[in-house]
Structures are given as structure tokens and as C-alpha cells.
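Asks: Structure in C-alpha cells, see below.
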6 protein chains.
Amino acid sequence: MLLARMFNALDRLRAPRPVSAHCDLPCGVYDPAQARVEAESIKAIMEKFNASDDPYFRDRATLIKEQRAEECNHHLDVLWYQYFQPAHLEKYPQLHELFWSTKKLTSQAKRANDVAIADQLLAKINEIADIFWETKKA
Amino acid sequence: MLLARMFNALDRLRAPRPVSAHCDLPCGVYDPAQARVEAESIKAIMEKFNASDDPYFRDRATLIKEQRAEECNHHLDVLWYQYFQPAHLEKYPQLHELFWSTKKLTSQAKRANDVAIADQLLAKINEIADIFWETKKA
Amino acid sequence: MLLARMFNALDRLRAPRPVSAHCDLPCGVYDPAQARVEAESIKAIMEKFNASDDPYFRDRATLIKEQRAEECNHHLDVLWYQYFQPAHLEKYPQLHELFWSTKKLTSQAKRANDVAIADQLLAKINEIADIFWETKKA
Amino acid sequence: MLLARMFNALDRLRAPRPVSAHCDLPCGVYDPAQARVEAESIKAIMEKFNASDDPYFRDRATLIKEQRAEECNHHLDVLWYQYFQPAHLEKYPQLHELFWSTKKLTSQAKRANDVAIADQLLAKINEIADIFWETKKA
Amino acid sequence: MLLARMFNALDRLRAPRPVSAHCDLPCGVYDPAQARVEAESIKAIMEKFNASDDPYFRDRATLIKEQRAEECNHHLDVLWYQYFQPAHLEKYPQLHELFWSTKKLTSQAKRANDVAIADQLLAKINEIADIFWETKKA
Amino acid sequence: MLLARMFNALDRLRAPRPVSAHCDLPCGVYDPAQARVEAESIKAIMEKFNASDDPYFRDRATLIKEQRAEECNHHLDVLWYQYFQPAHLEKYPQLHELFWSTKKLTSQAKRANDVAIADQLLAKINEIADIFWETKKA
């Protein structure tokens, strides 16, 4: 799977792929990287929260993480109900459940500072990304 | 430069780079891809605007493009005043002017549907991205 | 734009019954009426758009309807991934598909002024509401 | 007054009433339930805050309650300056003072976790709702 | 009244006055200039709308004016329910009606491009400002 | 400089100056007072934070200050990339560095409650304001 992701990256360099924006025109431009970005932020914030014993810093970390989790959910949502179509669901019937559990992880990521949650979130986003890029090839 | 960008992409696969989020904790996670995403959307919207003669569709395209341009400016802004530090400015003294002109392109992108503006915006964002990734190697 | 507005303008653009709030504390307070409200607005806006030949009024109707559709989707989203739990999915396996198609209707409602779309959206929301209230009784 | 509210509720079930949205087209669709929803959330959050001794949970409760209070004020505001007209003020001269004191309660609800404040807020919203539904009958 | 306003301005230079922000901490910092700013923008946008026959420009003007009107209403709202206290209402019993009619002007400013509306809005804001600065002296 | 600022204030009374709004139509209406307002709020919040030993109050102060700092940065940003033009940069080559360091102060203002930071921020905003009003005279 790493090899596939490498080739996707190279593909994107040769012919820059459309990227995600919350558009709904529709502009036809999507990319799971936006959700991944927020998940990476969430993980970084959790790590810094755990490494700090300054209550003021922790306060701000909590506030900012809440926002990143919201953003992450938003980018996932756009992919789910705007990008994916019924034909995709036939090929990947697990999509609904996958998005649902991934979005639930954004809620969990707000409620705790357990980095394992962030890692699960990133893993799920990569699953979604793999399916997404396969549909782009099709 | 294409080669450098390819290697950056591969680097990011082996050791996923931090990506951008509007964090200011700081979470230490930045990536020009977020700005590029919005610029790609802007270009797609302009193309669809120009290809359509439906005033209702064009209305929505205008509204949505205004939002993407705002988002693009926001992501650029975060890179400029949160990521870049005085040490970077010594090595890349053109940074302020580069960000300023790129942000001005987001304004121009709102005011017209000339795809050349979107192409200029994308080119400038790639300039910023090149500098960004060089600083990451340093 | 206010932080709640900036961070979450999105919350806004973004009941003796318990009602829905975008809470995710979780506050345990949900109600499909919030989504229904926005759908009623969407329908009213479509009707007024169709009844008017004033391009200025129609411009504003388009802009405002885009926002209501976004809000509608947001309220649906909160119900789907925050309220409903795996146990509910066992009893109502159609939930994912139901939410997915309902959210897709909010997209369609942006793209046209066909009141039939609004009626379908309201009907789907009522389906969701029926299931929701059954789970509350259980 | 409870009887009136029961009948209003039954009315709304038989012929769903228009509900509130921040529209200002105007879409002509209003309902005090939106403000009540947020007040119910505020009360639930206060109760959970008081029942918890986890500073992290309390942090999030504070942040989320601030947002709900803002939303509550927003919905009240729309009713006050968009729905109510001079003719209503003649019949209900207490409206300005009622809205003013209710909005001030949303501020108080941010500043403390005294459930009595939330109860006062809900009571005031019900007063507003009673007047609102009377004007709808007129 | 001009003389009073001049002296207020000089006062503000000698001992910089607190200025308005939507704070509700409360931070104790308010100024009607924020509402006036948005009203000046609204007027400028109306003038440009009327001077242009470019439907694309007019589209953007409509969208942007809707936002400024919202912002104007928000700043007025903060003054009304956060700054003013019952003691002020005793001295200036016209406050509620004054804010109500001023906020209604922000709605009217969305619905038309009649500069007279913007002038009325500015005049009302100045009335509010005069009372505000009198209360500051008291 | 105080004298110049006094006369600017009087000028603004005789011929009300355009004020700032995040417009980008462009509406041509700008004023550094909007950024100053937020900076004044930030300072007031820091002072109240330091004067209080109530962790709940301090929590809210932190949340609200984060928002004001964001707003402050936004108003600065609009001035920088929307108002100022290449001709201004020729006369005031220090503008980019001035805005950059001022925006960095909004970040610092989030991360600590050192009133000296707020004072520096206010001083920088006044520098920007002085240049702004000079360009208006030119």
C-alpha cells in the first residue's frame, strides 16, 4: 500500500490532482489531505499537551484542538456526502461505516489527549484516502 | 525544481511531514498544500463560470469563489506570520514581497474570472512552497 | 467575524423536547427539529425565488439559501455521527444510507429552486426524526 | 399557559409551523424553539460541569457553553429585530425589556454555572414563545 | 452636538478610551465606532453598486454588503445588551426603541441600494454614540 | 506625533474618514481603529486575568483573548494586503516588516498575559496608523 501511495504522490506531481475544498458548486476538486492535515495537528497538540504542565498552555491546547477536530470532521464530511457517489458505494460498501467511525474518532480526539486516538484517526483517514485515489484511477 | 518537489513528496511519505493547520498554539504543523488546494478550487470555479451561461450557476460560483479566495489568503497568512521566522528572512529576503503579492492575487481572483490570475496565484504558491520545503531541510 | 463566527461561523453558517446543539461535550441534547427548521427555510426561499423576477432579490435568495443548506447539513451531521451509536445501527441498518441521501439533498437544494427537492428533504428529515424519537422511547 | 403551549405543540405536529432561521431575506420562517434548544444545552452543560471534578472536561464545558450562549443570543436577536414589528409592540409593549433581560441572561449563563440562571433563561424564552405564538394566531 | 463629539475625540486622545470588542468577559471595552465603520462600508458599497452596470461586480457587492450589515447589527447588539445597564435605561428610556429601529435599518440596508437608508443608519448610530459617550462622562 | 493624531481626529470629525471593514469589493473604506480596538480589548483581558485567581474566569479570559487576537490579526491583514499599494511601499519600505512584527505580536498576546506585549502591540498599531493617515493626506 505504501507503493501505491508513493505512485499517487508522483502522479500528483506530474498532473497536479484536484484538491479538496468545501465547494459544493460542485468545483470537482477534492483531496483527503485536508482531513489528514487536521489530524496531524490534533496529534501534535495532544503530544504538546501531555508534555506540558503549564495549565495556561493546556487551556489553549484544549481550545485549539477542539477547533482542529471540528475542521477534520468537516473535511471528512465533504468527501463523504459530496465526493462519493452511489457507484462508489457499490464497489466499496464499507464507505459509510468507515466515514462514520472516522468522524466518531474526531469526537474522541476532543475528549482526551490519548495519542493512540490520533493515530487511529490518521489510520482511518489513510484508508479513506486509499479508496479515494483508487476511485480517481478508475 | 520538479525533481526537488518529487523528493519532498517521497520524504513526506517516508516520514510524514507536519502539515498546516491554523493552530498558533503553536502546534508546529504547517504545509503550503492548504493554500494550494484553495487556489486549485478557485481555478476550477473560474473555468466553470466561464463555461456556463446560466446566471444562477454563475451566482453560486461567484459566492463560492469569494469564500475559497478568503480561505486561500488565510492559509497564506498563517504561513507568513506564524511559520516564517527572522532567520528565514535573512536567507530569503524576498519573502515579505512574495507573500504580499500572492495575497493580492487572492483579491484579484475574487474580482474577475480570468484563469490567468489563478495560474499566477498557483505559481506564486509554488514559489512559497519551494522556499518552505527548503527551510524544512535546513 | 467573531470567533465563534471565525472559528465556527460555521456553527451558525454555520425545546421542551431535548434539542440539538452542536455540543460534542457531549451535552446529550439533540433534536431533529433544528435540521427541519433549515429545510423549511430552504423551501420558503425557493418559493420566493420562483415568485420573484427581481434579480437583486434573487441574488440574495441564492446567497441565503446556500447558508441554510449548509446549516441543515450541519445539524444532520451532528445527529448522525454524534447521537447515533452502534446499537442503533443494529436496529436501523438503513441509517447511514438515509443520512447520506438526505445530506445529498442539501447539496441539490443549493443547485436548483425546485420545491420538490425541498419537499424530499423535509420527508427524509421526518424519516430520521421518526427513528430518532423511537430510539428515545427505547 | 401550559395548556396554550400544549395546543401550540399539537398544532405544530398537525401542521408543522415555520421555524426560525437566520434568514433576513426575509424568508418569513421563525420559531423560538431554536433559542430554547440552546438554552437547554446550556443547562445540561452547567449540570455536567457541576457534576464533574475533571479540569479537562470542565475546560471543554466552559468553551462549549460560551458558544451555545452566543447561539442562544443570536436566535433571540433574530426574533426581536426581524420578526417583531411595530404593530406587535403596541399590543405587547413589554417586548423590548423582555428581550433585553433575556439576552442579558445569556451573558450571565456564560459567567457562572448556576443552573438557576439557565432556568430563568428558559422561563424568559417561554414568555417570548407565548407572545410569539399569540401573534401567529392573530 | 458636534462640539461634544470633538471633545470626546480629544478626551480619547489624552486618555485613550476603551474601545468596543465583542468580549462579554466582560472586558469593559466598548465603542460605537465599530458599528459606524460597518455602516460607512454599507454606504460605500451601495454607491458603488449604483454606479456600476457590471452584473458580476453587483453580485459581489450584494454578497459583501450582506456581510457588512450582519457585522453592523452584531456591533449594535453588543452595545445594547452588554454595555447598557438598567441605570442607563432610566436616564435614556428611548434606548430600546432606538436600538431596535437601528437594527431594523441594517435589514433594510441588505434589501435595497438606497443610500438614504445608509444615511439613516449612520444618523441613528450617531444618536447611539452620543448617548454612549454621555454615559461615559457620567 | 500626538499633535498629528489630534488633528487627524479633528479631521475625521469634520469630514468623517472612511473606516475599515473587511470588504475587498473593494469598498475603499479602511481605518486602523479596528485593529486598535481589539488590541485594547486584549490588554484589558490580560489585566483582568492577572487580577483574578478564579480559574473559571481565567478560562474564559483565555478563550476570549484568543478570539480578540485573531480579530486583531485579521484587521491588520486587511490593511496590509488590501489597502497598501506598491506606491506606498516606495515611500514606506518598512511596511512589510512592520506588519509582520505586529502580527507576530498578536500571536505572542495569545501565549502569555504579559501586559507589556499588549502595549507593544498598541504601539506598533499606532505606527501603522500614523503611516496610514499620512497616505490619506497625500
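Asks: Within the set of pairs 6+ apart or on separate chains, which have a first residue in the range A:107-124 that is at negative phi, a second that is outside any helix (DSSP H, G or I), and C-beta atoms under 8 Å apart?
Replies: Going by the 8 Å Cβ cut-off, the qualifying pairs are A:107/C:24; A:107/C:26; A:110/C:24.
Asks: Answer with yes or no whether residue D:119 is farther than 20 Å from residue D:81 by Cβ and more than 14 Å from chain E (Cβ to nearest Cβ).
Replies: Working: farther than 20 Å from residue D:81 by Cβ: yes; more than 14 Å from chain E (Cβ to nearest Cβ): yes.
For residue D:119, the condition - farther than 20 Å from residue D:81 by Cβ and more than 14 Å from chain E (Cβ to nearest Cβ) - is met.
Asks: In the range D:67-84, how many are over 12 Å from the mean Cα position of the chain (by Cα) and at the interface with chain E (Cβ under 9 Å from one of its Cβ atoms)?
Replies: The qualifying residues number 3.
Asks: While we're here: Please state which one of C:103, C:110 is out of contact with any Phe, Trp or Tyr (no Cβ under 8 Å at 6 or more places or on another chain) and not hydroxyl-bearing (Ser, Thr, Tyr).
Replies: So the residue among C:103, C:110 that is out of contact with any Phe, Trp or Tyr (no Cβ under 8 Å at 6 or more places or on another chain) and not hydroxyl-bearing (Ser, Thr, Tyr) is C:110.
Asks: For the range F:95-126: of the residues being more than 19 Å from residue F:63 (Cβ to Cβ) and of a type in the set (Lys, Arg), which is surrounded by the fewest Cβ atoms within 10 Å (Cβ to Cβ)?
Replies: Applying the filter and picking the extreme gives F:104.
Asks: Another question, if that's okay. Quick check on this structure: which one of C:97, C:66 is touching a His at 6+ places or on another chain (Cβ under 8 Å) and either of a type in the set (Asp, Glu) or under 20 Å from residue A:70 (Cα atoms) (or both)?
Replies: Every option except C:97 fails the conditions.
Asks: Right, residue B:124: more than 9 Å from every other protein chain (Cβ to nearest Cβ) and modelled with pLDDT under 95 or not?
Replies: So residue B:124 fails the test.
Asks: Scan the range E:85-119 residue by residue and report those that are more than 18 Å from residue E:34 (Cα to Cα) and acidic (Asp, Glu).
Replies: Residues satisfying the conditions are E:90, E:97, E:114.
Asks: Quick one: would you say residue E:129 is aliphatic (A, V, I, L, M) and more than 12 Å from the chain's Cα centre (by Cα)?
Replies: Criteria not met by residue E:129.
Asks: If I ask for residues that are assigned to a helix (DSSP H, G or I) and under 16 Å from residue D:134 (Cα atoms), which ones from the range D:84-97 would you list?
Replies: D:86, D:87, D:88, D:89, D:90, D:91, D:95
Asks: Check D:51, D:61 and return the single one that is crowded, with 18+ Cβ neighbours inside 10 Å, over 19 Å from the mean Cα position of the chain (by Cα) and more than 27 Å from residue E:90 (Cα to Cα).
Replies: D:61
Asks: Now a separate question. Would you check which residues across the range B:12-65 are modelled with pLDDT under 90, more than 7 Å from chain A (Cβ to nearest Cβ) and outside any loop (DSSP other than H, G, I, E, B) and list them?
Replies: Within the range B:12-65, B:12, B:14 meet the criteria.
The values are calculated or read from the model by the stated rules, or taken from the named source; none is laboratory data. As the structure is a computational prediction, the values presented were derived from the model and not from experiment. In this analysis, Cβ positions are derived from the backbone assuming ideal geometry, glycine residues included, and neighbour counts consider all displayed protein chains.
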